[in-house]
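Asker: Before I ask anything, let me first share the structure, which is written out below as structure tokens.
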Ligand code: HEM
Ligand code: HEM
């Protein structure tokens, strides 16, 4: 690929860092899935479920996904602005700083340091590193945008800007805390306020990491891979502004039937329903882009990933709003339904889109062809099957749990003790672990394919 003086080594570095954290995060994910069915697997204090669950969520959310996002951002940014990175040296520093920060984060979580706020578990010294790392990234994003040679800001750039601003604001506000020692701090907020800020952060960080940049990749790489222009730029922009506006109001849907004021819950529910429209704006835009050329689903392996990915996004953004409704939240909250929702998004939408983006980028970055399209197809089917088994079993388990917990006898007492509701869930957890193994094999094949692709180029250069 012509490099126009663009900085690609950092893209390669982030791409393979992403693959590294993927394998670590998934291995831990498999272990916790098996621990739920075989508690004997809690082998040592630092290998117990409580410690490992956060290594899994942070490792995949902030290790695998963020590194993938940085790789694609540095790639897309330079190409859409038609200019090289403003500070290539800073970007290289970002790469090393990011990996050191994630490694320290993982070690601290293994060691049991944990603020106990979900997705904000890291203790304050690591929070400071995360903020510095983000500032370094943001400087490059904005400085490159300022010196851009292409005036038009394509939709992917808008989503990347939204991510860059939103993560900074959310992370800093939710992590305001009072340190009491090097390894312990207490939140600056108390009680209901703490919960409210935490889920305002929690929901939006999911949006800013698992939605905005993934949509940026989708909008950039789908037209690139298919040679088809995006169906409607206007629709993409309308969907963007309404999505970012609505997102910020919905966090309290995680706190239905809690002491958070009723009006806040109702506002969150109303905005959650509204979110169907802008989310589907992107889904429809994706489908219409393929109009008249659906044959590429068969002939172009990348299209399968993108179209299934956006379909899972579409399903996710119908499921999410409906589970925010009071009547459904009453049954489904606290149950396995929620991990079912989460993994349709992460194993379906996020994984498929990042995978296809890498399959597009990596061969071009190494001036070679993909090592094996056959393996990429196998990867696709394993991920699809593994994810469907995971999500479906969790949805069924969630409905069963929710209804058993609520069942009452004519005298008003509970029909089932908690233990009685737990035992029938074991087969679902076993199925989930098996679904995880299938997905894991798919992702190992993905990693192998990329490594062999990079190696092929090295071998060709040496010959
Ligand atoms: C082999 C594949 C995977 C397996 C076996 C797996 C397993 C698990 C398990 C057992 C849990 C805990 C559920 C609970 O507490 O009841 C979990 C939670 C979670 N996982 Fe995974 N996971 C996998 C892939 C992924 C991927 C690819 C991502 C992100 C990119 C991810 C992100 C998360 C998140 C965010 C949660 C927290 C969900 C919540 O709090 O409801 N997982 N995973
Ligand atoms: C219109 C968009 C969406 C809405 C309105 C929505 C709504 C919700 C709701 C109401 C919950 C809480 C369920 C409960 O605990 O009872 C939830 C959880 C979650 N959703 Fe979504 N969702 C949306 C899209 C997505 C997408 C695209 C992802 C990407 C992976 C995602 C990831 C998550 C995660 C990680 C959680 C678990 C949070 C936790 O740890 O408890 N959601 N969502």
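Asker: Starting from the Cα gyration tensor of the stretch 266-350, take the square roots of the eigenvalues, sort them a ≥ b ≥ c, and report rounded, prolate or oblate (rounded when a/c is under 1.5, otherwise prolate if a/b is larger than b/c, else oblate).
Answerer: It comes out oblate by the Cα gyration axes.
Asker: With label points built 7 Å along Cα→Cβ from the Cα atoms of residue 288 and residue 44, find their separation and express it in nm.
Answerer: 5.7 nm
Asker: Another question about this same structure. Which residues in the stretch 67-100 place their backbone N less than 16 Å from a point set 7 Å from the Cα of residue 151 along the Cα-to-Cβ direction?
Answerer: 81-82
Asker: Between residue 37 and residue 375, what length comes free when the chain is fully extended (0.36 nm per residue of separation minus the Cα-Cα distance, one decimal in nm)?
Answerer: Once the chain is fully extended between residue 37 and residue 375, it gains 118.5 nm.
Asker: Next question. Let me know the shape class of the stretch 361-463, please: from the alpha-carbon gyration tensor, a ≥ b ≥ c as square roots of the eigenvalues, rounded when a/c is under 1.5, otherwise prolate if a/b is greater than b/c, or oblate.
Answerer: Judged from the Cα gyration tensor, the stretch 361-463 comes out prolate (a/c at least 1.5, a/b above b/c).
Asker: Using alpha-carbon positions, what is the distance between the centroids of the stretch 10-63 and the stretch 399-442, in Å?
Answerer: Centre-to-centre distance over Cα atoms comes out at 23 Å.
Asker: When only C-alpha pairs under 8 Å and at least 6 residues apart count, what is the relative contact order of the stretch 9-458, in percent?
Answerer: Once normalised by length, the contact order is 14 percent.
Asker: What FRET efficiency comes out for residue 131 versus residue 392 if R0 is 45 angstrom and r is the Cβ-Cβ distance? Round to the nearest 0.05.
Answerer: It comes out at approximately 0.70.
Asker: Tell me whether the stretch 9-458 comes out rounded, prolate or oblate; compute the Cα gyration tensor, take square roots of the eigenvalues as a ≥ b ≥ c, and use a/c under 1.5 as the rounded threshold.
Answerer: Because its axes are fairly even, with a/c under 1.5, the stretch 9-458 counts as rounded.
Asker: With angles folded into 0 to 90 degrees, how steeply does helix 212-226 sit against the dominant principal axis of the chain? Use alpha carbons for both and round to 10.
Answerer: In the chain, helix 212-226 runs at an angle near 40 degrees to the longest axis.
Asker: Per DSSP H run of n ≥ 4, the term is -39500 (n - 2.57); total these for the chain, divide by its residue number, and report the mean residue ellipticity at 222 nm rounded to 500 deg cm²/dmol.
Answerer: -24000 deg cm²/dmol
Asker: Can you give me the distance in nm between label points at residue 107 and residue 233, each placed 7 Å from the Cα along the Cα-to-Cβ direction?
Answerer: For the pair residue 107/residue 233, the computed spacing is 4.9 nm.
Asker: Would you kindly state how much longer the chain becomes between residue 190 and residue 100 on full extension, computed as 0.36 nm times their sequence separation minus their alpha carbon distance, in nm to one decimal?
Answerer: That works out to 29.2 nm of additional length.
Asker: Calculate the spin-label point distance for residue 242 paired with residue 182, positioning each point 7 Å from the Cα along the beta-carbon direction, and give it in nanometres.
Answerer: 5.3 nm
Asker: Work out, step by step, the length gained on full extension between residue 385 and residue 407: first 0.36 nm times the residue separation, then minus their alpha carbon distance; give nm to one decimal.
Answerer: Net length gain for the segment: 4.6 nm.
Asker: If you take the beta carbon distance between residue 298 and residue 399 as r and set R0 to 35 Å, what does 1/(1 + (r/R0)^6) give as a FRET efficiency, to the nearest 0.05?
Answerer: 0.45
Computed from the coordinates by the stated procedures, all read-outs in this text should not be read as laboratory data. Keep in mind that what you see is a predicted model, and the values were worked out from it rather than measured. Note: ideal-geometry Cβ built from the backbone for every residue, glycine included; neighbour counts use all protein chains shown.
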